[in-house]
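What follows draws every value from the coordinates through simple rules; no lab data is involved. Small disclaimer: the values here were computed from a predicted structure and weren't measured. Glycine also receives a Cβ, built like all others from the backbone with ideal geometry; neighbour counts cover every protein chain displayed.
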Amino acid sequence: MKNLLFMLSAILVLSSCTTQNLMGEKRSVLKAQIEQFDSIFNYDSAYEYVIRKDDKISISVWGQDELSVGSSYGIYNSNEVYGKWLMVDAHGQIEIPKLGTFKASDLTLIELKDTLKLRFGEWVVNPIVDVKVLNRNLTILGEVRNPGLYTIDKEYNTLFELLALSGGFEKYANLKYIKVFRQLGPDVHVVTINLKDYGHYFAQNIHLRPSDIVVVPSRGYKEFDSRISTIIPFASAVTSAAIFVSAF
């Protein structure tokens, strides 16, 4: 029994040492992967969302239900869940009541709204038109309380706002290596945010754009804690058994 206890102690020590080495390796890899701030993540006061393929669009014309699709002026719910929207197809087009096939991709919301006001003006005097993209989303993954997909309506959304929406950090969150992924065409841009660097705290509160993905990694010892939580009860059971046997 003493030999068994000695072997168990050795296993605990060796597993601890192995995990610490892994932590050191992971940290060195993470440090090597820290990117300089890509200019694509710089704040742009002129930024406007541009409609793209697969966007889901609702069109609201005040007092004109026959011209509207998913109208926010109506009494019924018009969000994405209920399917009252127009899908921008592979050619960047949508089918609008009375107007037929209409090119929507590569237009800003303001440009599309102004164009529809002009076109609907053929039937309605001074039409009040609102356009909304229903699937403008941000994704946050990793060590936050509520990871997932968040729908946004505003033009400007910051990293801190998304972190607040997700409920804040879990206890294992590694605040030094938060990553933001942004795809522009075929290229994916990545930036690493260090929220432990208080000198650049506000500068790192970057402006997020729809389809951005934020990943909050875990600290290295999370794996060690999960291992030790299973090893310790086993060690306690073996120790108790050894005491019981030695008593007799």
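Restricting the stretch 112-131 to residues that are free of Cβ contacts under 8 Å to residues at least 12 places away in the same chain and surrounded by 12 or more Cβ atoms within 10 Å (Cβ to Cβ), the residue that is farthest from residue 85 (Cα to Cα) is 121.
Could you please find all residues in the stretch 124-140 being outside any strand (DSSP E or B) and β-branched (Val, Ile, Thr)? Those that are outside any strand (DSSP E or B) and β-branched (Val, Ile, Thr): 124, 125, 128.
Yes/no matrix, rows are residues, columns are (1) acidic (Asp, Glu); (2) surrounded by fewer than 16 Cβ atoms within 10 Å (Cβ to Cβ):
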{"residue": "144", "(1), (2)": "no, no"}
{"residue": "157", "(1), (2)": "no, no"}
{"residue": "178", "(1), (2)": "no, no"}
{"residue": "184", "(1), (2)": "no, yes"}
{"residue": "191", "(1), (2)": "no, no"}
{"residue": "197", "(1), (2)": "yes, yes"}
{"residue": "206", "(1), (2)": "no, no"}
